[in-house]
Each structure stands twice: as structure tokens, then as C-alpha cells.
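Notes to accompany the following structure.
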Amino acid sequence: AGKDGSYQRHASKHRSTEVVAEAGRYHLHVALACPWADGALSLLFLKGLEDAISYSVVHPTWQRTRPDDPEDAHCGWVYRAPGDEPLSNSLGHGSFACDDALIPDPGGAASIRDVYAKIGDGSGPFTTPALVDKETGELVSNESMDILKILDSKFDAVAKHPARTFYPASLEADLEALNSATIYPNINNGVYRCGFAKSQAAYDGAVADLFGALERVDARLRESRFLGG
């Protein structure tokens, strides 16, 4: 948190848009409890890339990522298989099933932290979505916006629906301005700013920004079916 109690998001450290349009080479790590990752997985299916890019889904309840080390209290996304024992949260509350939505990492990672450790990042934050090049072992990107752009245009040669574009060049400037000024800071990240605020003033400011942005988006949608175009 900032000195005023406001939520401060860590900047994504792994950012590249360089990929090779090769089926079977890349893997997407996803947490369905993470809206940023949900968008990436949705676009993967919308473009028809589910057979070209493999993906795995973690359990939605954070766990100790180094449970055998009493000195390491880090909690984060972990992999489980359908039918495994239910998990409680890191404080021991609840019982959350290991259902059919879970897809273990084919590379054998027990957690997203393990995925990052494998490429030499031991400090994190260990976030999803994360797009990994299985051939080189590199983490291509853990920035959702970069991954969305990659999936939208860089894999058309192996996509079932290459003609579908969700970030057309004719609307790029308008969409970028809308996202940078309204959608990202005040809505997508705005809900985090509300939920993780550490002071009343920071919370009040974030709530005002969120609902102000929702009003602007609502006004835009009264004039157009889509936010862009």
C-alpha cells in the first residue's frame, strides 16, 4: 500500500510480444479466480487456439507454496488435480473441492511460484496469466494486455478463427485511450483499489473513481452496442 493507504499494483516484470506461430510450443497458466487470466483464456478459445496452445488451471484457493519450509510463509496459486482432497484457505477456513475445472501443469509445477522459479524469478510476484515458451523455457509475458494482443494477432496461422479480430487497427487508438484512462485504472484495477485500500480516504477515492468510470462507460454504451466501434 502507498503511504496514504492506497492499493499499489506491482508492474509486470516479464513483457515480450515476440512469439513464433507454432502449434504446441506455448503454454498458458491460468487462475480462474483471476479476471486478468480469465480474459486471456477466453480469447484463446474465441480465436480457436485451444488445440494450438496448451493451458493449465490452478486451484482458486491460495495455499502455502513451500509447505515443508516453516520459515517460508508465502501463499499463492497451487496446482491440484480433479478428485484431490479439498483445500482450506491459508488460514484454515472452508473446504473447497478439487473439481473438474482444475487442469494440472503438464510440466509438473506444483505452484505458479514453481513456474517462475524455473525461469529464474524467485522474487515474484507470481501471477497469472503467464505465457511460457516450452521450447526455450522462457516466460514470454505475465502482462494480460500483452497476452491478449499476442493471442489476437500473433497465432493466426494456427488459429481456427484467424479472421476474428478483437483489437482492430482502425480502433486501436480509441481502445488504447479508453483502456488507459478509464477501463484499466478505474474499473479493472479499480475494484482492487477498493478492496485492498488500507485507509478510509483511499477507499472513498477508489469507490468514487470506480462508479464515475462505470457511469461514463454506461453513457458510451447507450450510444453504441460496443465500447469500441
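The values are calculated or read from the model by the stated rules, or taken from the named source; none is laboratory data. Quick caveat, the model's predicted, so the values are computed rather than measured. Every residue, glycine among them, receives a Cβ derived from its backbone with ideal geometry; neighbour counts consider all protein chains shown. With ligands, DNA and RNA removed, areas are computed over all heavy atoms of the protein, side chains included. Shrake-Rupley method; radii C 1.70, N 1.55, O 1.52, S 1.80 Å.
What do you reckon, how do S42, S88 stack up by accessible area (1.4 Å probe), largest on top?
Result, largest first: S42, S88.
Of the residues L151, L171, L91, which exhibits the maximal mean-square fluctuation in a Gaussian network model of the chain defined by a 10 Å Cα contact cut-off? Sorting by GNM fluctuation, first place goes to L91. Take every DSSP beta bridge whose two residues both sit in the chain, then give the antiparallel share in percent to the nearest 5. So the antiparallel bridges amount to about 75 percent of the total.
Given in Å, the Rg to one decimal and the Dmax to the nearest whole number for the Cα atoms of region 12-54 are 11.0, 29. Computed from point charges on the beta carbon alone (+1 for Lys and Arg, -1 for Asp and Glu), the dipole magnitude for region 13-146 about its Cα centre is near 180 Debye. Let me know the shape class of region 1-133, please: from the alpha-carbon gyration tensor, a ≥ b ≥ c as square roots of the eigenvalues, rounded when a/c is under 1.5, otherwise prolate if a/b is greater than b/c, or oblate. Taking the square roots of the gyration eigenvalues as a ≥ b ≥ c, region 1-133 is oblate. Across the accessible surface of the chain, with the other protein chains kept in place and a 1.4 Å probe, carbon and sulfur atoms take up 54 percent. A Stokes-Einstein calculation at 25 °C with viscosity 0.890 mPa s, built on the Kirkwood radius of region 158-223 over Cα pairs, returns a diffusion coefficient of 180 µm²/s. Sites listed here are GluC sites (Glu not before Pro) in region 94-170 whose DSSP assignment is loop and whose Cβ has at most 12 other Cβ atoms within 10 Å: E135. Selection among S224, V78, Y192 by position relative to the dipole of the chain gives S224 as farthest towards the positive end (Cβ unit charges, Cα centre).
An ellipsoid equivalent to region 79-191, defined through the eigenvalues of its Cα gyration tensor, has semi-axes of 31, 20, 16 Å when rounded to whole angstrom and sorted largest first.
Taking the Cα atoms of region 41-103, the ratio Rg/Rh between the radius of gyration and the Kirkwood radius comes to 1.09.
If you take all other residues with their beta carbon under 11 Å from the beta carbon of L46, and give Lys and Arg +1 and Asp and Glu -1, the sum is +1.
Within region 189-229, the chymotrypsin sites (Phe, Trp or Tyr not before Pro) that combine a DSSP coil assignment with at most 11 other C-beta atoms in a 10 angstrom radius are F226. For the chain, the mean residue ellipticity at 222 nm estimated from helices alone is -8500 deg cm²/dmol, where every DSSP H run of n ≥ 4 contributes -39500 (n - 2.57) and the total is divided by all residues, rounded to the nearest 500. With a cut-off of 14 Å between beta carbons, the residues surrounding P67 carry a summed charge of -2, where Lys and Arg count +1 and Asp and Glu -1. For the chain, the square roots a ≥ b ≥ c of the C-alpha gyration tensor eigenvalues yield an a/c of 1.5 or more together with a/b not exceeding b/c, which makes the shape oblate.
Given +1 at the Cβ of Lys and Arg, -1 at the Cβ of Asp and Glu and no other charges, the dipole of region 87-229 around its Cα centre is 220 debye to the nearest 20.
Loop-located trypsin sites (Lys or Arg not before Pro) across region 1-77 with a Cβ neighbour count of 10 or fewer within 10 Å are K3, with loop assigned by DSSP. Between region 97-122 and region 75-94, the C-alpha centres lie 13 angstrom from each other. Other residues with beta-carbon under 12 Å from the beta-carbon of N179 carry, at +1 per Lys or Arg and -1 per Asp or Glu, a net charge of -2. Taking amide H atoms as placed 1.01 Å from N in the peptide plane, the amide H of Y26 lies under 5 Å from those of S54, K134, each 5 or more residues away in sequence or on another chain. Could you list the residues of region 21-54 with an amide nitrogen less than 19 Å from a label point located 7 Å from the Cα of E138 in the Cα-to-C-beta direction? Once the point is set 7 Å along Cα→Cβ of E138, 21-29, 53-54 turn out to lie under 19 Å by backbone N, inside region 21-54. When only Cα pairs under 8 Å and 6 or more residues apart are kept, what is the percent relative contact order across the chain? Relative contact order, the chain: 25 percent. Non-local lysine pairs in the chain, meaning eight or more places apart or on different chains, with alpha-carbon distances under 22 Å, amount to 14.
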